[in-house]
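One structure is given below, encoded as C-alpha cells.
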Amino acid sequence: MLEVEQLNQFYGQSHTLWDLDLNVPQGACTVLMGRNGVGKTTLLQCIMGLLPGKSGKINYQGNNILGTIAEKRAAMGIGYVPQGRQIFPLMSVEENLQTGLPAREDKSRVIPEFIYELFPVLKEMLGRRGGDLSGGQQQQLAIGRALVTDPQLLILDEPTEGIQPNIVAEIGDIITRLNKEIGLTVLLVEQKLPFARRVGDHFCILDRGRSVAAGAMPDLSEELIQQYLTV
C-alpha cells in the first residue's frame, strides 16, 4: 500500500534521511523502530507532506505523492496521529472530532458511530474541552479524530508515550481490532518492544536516518535489538 524508495530529506544543510526505503504491505501492521533522534518522526512527516522530501519516491496505492500537499494526503485516505497528540485544547471533544470530517471522500458531516464504540469515554465527554481530558483520553481523541477521516492507512507516532498502562493495553487492543478485524493498514512508530511485538506484523529499524533492517516481526532478533534498539 505504501512504499518509500530512496527518500532523502534535509533540515537546512543537515542531511536527515539517507536513501531511505520502507514497505508497508496492505492490511498489515508495520512498526517503525529505532532509538530517539534517528529520523522516525521526520519520515512520518515526509509521508504526510508536513516536511518536504528532497528526492526519492513515496508511493501510495501506486502513485508517487512526494510533491502532493499535506491537505490532499489526508483526503487520499491517510490518517495521522502525531506525536504528542496535538489535539485542540480549547475546543470540545466533539469539535475536535469534527475537524477530521472535511477530509472524508463521501463529504459526510456526521461523526461515525463506530468512533464511540471504540472509545466510549469520548461519547461521555463530547462537551468537555480537549485540554481537560487526561493524557490517555487525549490519545484516544487523537486516534478518533484520525479515524473520522475514514482512512485506509492509519499512521501513529508513539501512541503509548506518556500513557498509563491500562490505557496502553486498550490502545493495543484497538490497533489490533482496526488492523485484524476491520482490515485497516497501520504504520506505527513505537519504542516499547513488548507492545510492538504484540501488535506488529512487520518491523523496519532506522539508524541515523537510514533503514538498516526490516522483516517479519518474529524475525526481530536479539542481535538487532541490542545493536539498534537498546539504549
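Nothing in this text is a laboratory measurement; each read-out follows from the coordinates by a stated rule. The model shown is predicted, which means the values in this text are computed figures rather than measured ones. Ideal geometry is used to build each Cβ from the backbone, glycine not excepted, and the neighbour counts take in all protein chains shown.
Working from Cα pairs under 8 Å separated by at least six residues, relative contact order for the stretch 96-230 is 18 percent. Simple spin-label estimate for Gln227 and Lys192 gives 2.8 nm between the two label positions (7 Å along the Cα-to-Cβ direction from each Cα). Database remark: amide H of Leu51 closer than 5 angstrom to the amide H of Cys46 (H placed geometrically; neighbours at sequence offset of 5 or more, or on other chains; Pro and chain starts carry no H).
Remark on the stretch 10-67: Rg and Dmax equal 11.9, 37 Å (Cα only).
What is the magnitude of the charge dipole of the stretch 1-65 about its Cα centre, with +1 placed on the Cβ of each Lys and Arg, -1 on the Cβ of each Asp and Glu, and no other charges, expressed in debye to the nearest 20? If you can, show how the numbers build up before the last one.
Values: 4 positive and 4 negative charges, 39 e Å.
Here the stretch 1-65 has a charge dipole of around 180 debye.
Computed 3J(HN,Hα) for the stretch 83-100, one whole-Hz value per residue from the Karplus formula 6.51 cos²θ - 1.76 cosθ + 1.60 where θ = phi - 60°, is 4, x, 6, 6, 6, 8, x, 8, 8, 5, 4, 4, 5, 4, 5, 5, 5, x, glycine and proline marked x. Subtracting the Cα-Cα distance of Asp173 and Met91 from 0.36 nm times their residue separation leaves 26.8 nm of extension gain.
When the chain is described by a simple charge dipole with +1 on each Lys and Arg Cβ and -1 on each Asp and Glu Cβ, the residue from Met91, Leu153, Val189 located farthest towards its positive end is Met91. Lysine pairs in the chain whose alpha-carbon atoms fall under 23 angstrom of each other, counting only those eight or more residues apart or on distinct chains, come to 9.
In terms of its C-alpha gyration tensor, the stretch 120-182 has an oblate overall shape, because the principal axis ratio a/c (a ≥ b ≥ c, square roots of the eigenvalues) is not below 1.5 and a/b does not outweigh b/c. Gaussian network model of the chain, Cα springs within a sub-10 Å range: biggest mean-square fluctuation belongs to which of Ala74, Ala103, Ala216? Ranking Ala74, Ala103, Ala216 by mean-square fluctuation puts Ala216 first. Please compute the net charge surrounding Lys57, taking Lys and Arg as +1 and Asp and Glu as -1 over other residues with Cβ under 14 Å from its Cβ. Residues near Lys57 contribute -3 overall. Karplus-based coupling profile of the stretch 110-126, in residue order and whole Hz: 10, 5, x, 5, 5, 4, 6, 5, 6, 10, x, 4, 5, 5, 5, 10, 3, with θ = phi - 60° in 6.51 cos²θ - 1.76 cosθ + 1.60 and x standing for Gly or Pro. Taking all C-alpha pairs of the stretch 80-231, those more than 18 Å from each other amount to 59 percent.
Computed from Cα atoms, the angle from the helix 165-176 axis to the main principal axis of the chain rounds to 80 degrees.
How much of the DSSP beta bridge set in the stretch 141-227 is antiparallel, as a percent to the nearest 5? Before the final figure, lay out each step's value.
Values: 6 of 11 bridges.
Roughly 55 percent of the beta bridges in the stretch 141-227 run antiparallel, per DSSP.
In this structure the amide hydrogen of Leu66, modeled in the peptide plane, comes within under 5 Å of the amide hydrogens of Ile58, none closer than 5 places in sequence on its chain. Between the Cα long axis of helix 135-148 and the first principal axis of the chain there is an angle of about 90°, rounded to the nearest 10. Backbone phi angles across the stretch 189-206, fed through the Karplus curve with coefficients 6.51, -1.76 and 1.60 (θ = phi - 60°), yield HN-Hα couplings of 8, 8, 8, 7, 4, x, 5, 4, 5, 5, 9, x, 9, 9, 9, 9, 9, 9 Hz in residue order; Gly and Pro are listed as x.
Helical content of the chain, expressed as a calculated mean residue ellipticity at 222 nm, amounts to -7500 deg cm²/dmol (DSSP H runs of 4 or more residues, -39,500 (n - 2.57) each, divided by residue number, nearest 500).
The Cα atoms of the stretch 57-118 cover 38, 27, 19 Å along the three principal axes, with the biggest extent listed first. Evaluate the distance, in nm, between pseudo-label points positioned 7 Å from the Cα of Thr99 and of Phe114 along their respective Cα→Cβ axes. Inter-label distance under the simple model: 2.4 nm.
Near Ser211, the amide H atoms lying under 5 Å from its own belong to Asp21; only residues 5 or more places off or on other chains count, and H is placed 1.01 Å from N.
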